[in-house]
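What follows is a short report on a single structure.
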Amino acid sequence: MYAAKTKTKIVIIDDHRLFREGVKRILDMEDDFEVIAEGDDGGDALRLVEDYKPDVVLMDINMPHVNGVEATRQLIDQVPATKVIILSIHDDETYVTHAVKTGAAGYLLKEMDANSLVEAVKVVASGGAYIHPKVTHNLVNEYRRLATEGKRPSTQIGYKEVEYRKPLHILTRRECEVLQLLTDGKSNRSIGEDLFISEKTVKNHVSNILQKMNVNDRTQAVVEAIKKGWVKVR
């Protein structure tokens, strides 16, 4: 007799009730998810995590009293195992960098679609990290700018001079195509549409890429691929 699969327990913290209800409705459609509590600000987050011990906290970045980043810092200090996904309207790389440094395991834009939300929760709940594809693209562009303006020509990547060579000694041709589209900031769904393959197949390719490149998440994979000249930043 098989034991029932444990559900991912989720707390949602957002001061906009209508948005919060929309997020809850999407998550409640997943058999593996259970929204166990909701709150309006960072102060609620600290109390609810203590009371309910959720697997994942979805946290708005802009809230009264205690904002999402500060609440995340406090949560990580008090309960290091807490997994937080920041919800934000800001796609500037400064925000995501600050959030990740504070301890967030994910960063989603509020313009996300339902599939991105579900995927992010699954990835973070399983111990991974998830950054919205649009934000990843902005991070890549910022990385490119800093590299181009760098003052260490002997070690710095010169993007205009790097030979574009696919890492066929590590990845398959299809995985190389997926890696390039990740660099372009595409979501799994968009990649599937571009390559005429299912979203599930894309997820399998991404998992293989991460394993073969020995990285933890898609952002690290993109940064490493840029460093090695395996992809074009366009």
**Request:** Specify which of the listed residues (VAL100, VAL118) is outside any loop (DSSP other than H, G, I, E, B), touching a strand residue (DSSP E or B) at 6+ places or on another chain (Cβ under 9 Å) and at pLDDT below 90.
**Result:** VAL100
**Request:** Evaluate region 70-83: report whether one residue or more is in contact (Cβ under 8 Å) with a residue 60 or more places away in the chain, within 21 Å of GLY128 (Cα to Cα) and crowded, with 16+ Cβ neighbours inside 10 Å.
**Result:** no
**Request:** Say whether the condition of being over 25 Å from ALA99 (Cβ atoms), modelled with pLDDT under 70 and of a type outside the set (Lys, Arg) is met by at least one residue in region 163-181.
**Result:** yes
**Matching residues in region 101-126 - criterion: being surrounded by 19 or more Cβ atoms within 10 Å (Cβ to Cβ) and free of Cβ contacts under 8 Å to residues at least 24 places away in the same chain** = MET112
**Message:** Would you confirm whether or not region 195-203 contains a residue that is open to solvent by 20 Å² or more (accessible area, probe 1.4 Å), under 27 Å from LYS101 (Cα atoms) and modelled with pLDDT of 85 or more?
**Reply:** yes
**Asked** Which one is farthest from LYS122 (Cα to Cα) among residues in region 10-21 that are surrounded by fewer than 21 Cβ atoms within 10 Å (Cβ to Cβ) and either within 20 Å of the chain's Cα centre (by Cα) or among the acidic types (Asp, Glu) (or both)?
**Response** ASP15
**Prompt:** For region 13-47, what are the residues that are without any contact (Cβ under 8 Å) to a residue 60 or more places away in the chain, in a strand (DSSP E or B) and more than 16 Å from GLY68 (Cα to Cα)?
**Reply:** GLU34, VAL35, ILE36, ALA37
**Item:** THR136 being assigned to a helix (DSSP H, G or I), farther than 12 Å from VAL56 by Cβ, polar (S, T, N, Q) and over 12 Å from the mean Cα position of the chain (by Cα)
**Value:** no
**Item:** Any hit, region 64-83, residues being out of contact with any helix residue (DSSP H, G or I) (no Cβ under 6 Å at 6 or more places or on another chain) and at positive phi
**Value:** no
**Item:** Matching residues, region 48-85, being aliphatic (A, V, I, L, M), over 22 Å from the mean Cα position of the chain (by Cα) and in a helix (DSSP H, G or I)
**Value:** LEU48
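The values are calculated or read from the model by the stated rules, or taken from the named source; none is laboratory data. The structure presented is a predicted model; accordingly, all values stated were derived computationally and were not measured. Using ideal geometry, Cβ is built from the backbone for each residue, glycine included, and neighbour counts are taken over all protein chains shown. Protein only, heavy atoms only, side chains kept; ligands, DNA and RNA dropped before computing areas. Shrake-Rupley method; radii C 1.70, N 1.55, O 1.52, S 1.80 Å.
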